[in-house]
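The values are calculated or read from the model by the stated rules, or taken from the named source; none is laboratory data. Because the structure is a prediction, the values reported are computed rather than measured. Here the Cβ positions follow ideal geometry from the backbone for every residue, glycine too, while neighbour counts run over all protein chains shown.
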Amino acid sequence: PPPKLPTVDEVRKAIPPHCFEKNLVKSISYLVQDLLILAGLYLILPYVEQYLGWIGYLAWCWAFGICGSALFVVGHDCGHGSFSEYEWVNDLCGHIAHAPILAPFWPWQKSHRQHHQVS
């Protein structure tokens, strides 16, 4: 027989309480870090293929994908309200995080809430 999986409540109780505390400075530092990395990637793009060839371009695409995923996660946290205690900060930072990856924040947030209502 398959092992018994823990319930959601059991998993939540196993996570230390400080993990559920919102820390605006830490949240913004993640957003700024991801945006700076993305800006750096954009700045080096003209030189990547020229000096590193197609292998360099593939590596650049991989790095951009990782950074884009990180920005999506920050925006996702904003959409759930776990980025900050303040709704306006969540909305602003959600827009900032999702804009570079061309994911409109409010439509995504609305459809994501609907997703959570049915799944």
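Some points to look at:
- Residues of the range 21-39 that are outside any helix (DSSP H, G or I) and either aromatic (Phe, Trp, Tyr) or touching a Phe, Trp or Tyr at 6+ places or on another chain (Cβ under 9 Å) (or both): LYS22 alone.
- The set of residues in the range 64-92 that are over 13 Å from the mean Cα position of the chain (by Cα), surrounded by fewer than 15 Cβ atoms within 10 Å (Cβ to Cβ) and in a helix (DSSP H, G or I) comprises GLU87, TRP88.
- Condition met for ALA70 (modelled with pLDDT of 95 or more and over 21 Å from CYS93 (Cβ atoms)): no
- Count of residues meeting criterion [without any contact (Cβ under 8 Å) to a residue 40 or more places away in the chain and either exposed (fewer than 12 other Cβ atoms within 10 Å of the Cβ) or under 23 Å from PRO104 (Cβ atoms) (or both)] in the range 34-57: 13
- Restricting the first member to the range 94-119 and to residues that are on the phi < 0 side of the Ramachandran plot and at pLDDT below 95, and the second to residues that are exposed (fewer than 15 other Cβ atoms within 10 Å of the Cβ) and of a type in the set (Gly, Ala, Ser), the beta-carbon pairs closer than 8 Å and six or more apart or on different chains are PHE105/ALA99.
- When the range 56-85 is limited to residues that are in contact with a helix residue (DSSP H, G or I) (Cβ under 8 Å, 6 or more places away or on another chain) and aromatic (Phe, Trp, Tyr), the one that is farthest from GLN114 (Cα to Cα) turns out to be TYR57.
- Taken together, the criteria place HIS95 among residues that are within 27 Å of CYS19 (Cα to Cα) and either in contact with a strand residue (DSSP E or B) (Cβ under 8 Å, 6 or more places away or on another chain) or surrounded by fewer than 18 Cβ atoms within 10 Å (Cβ to Cβ) (or both).
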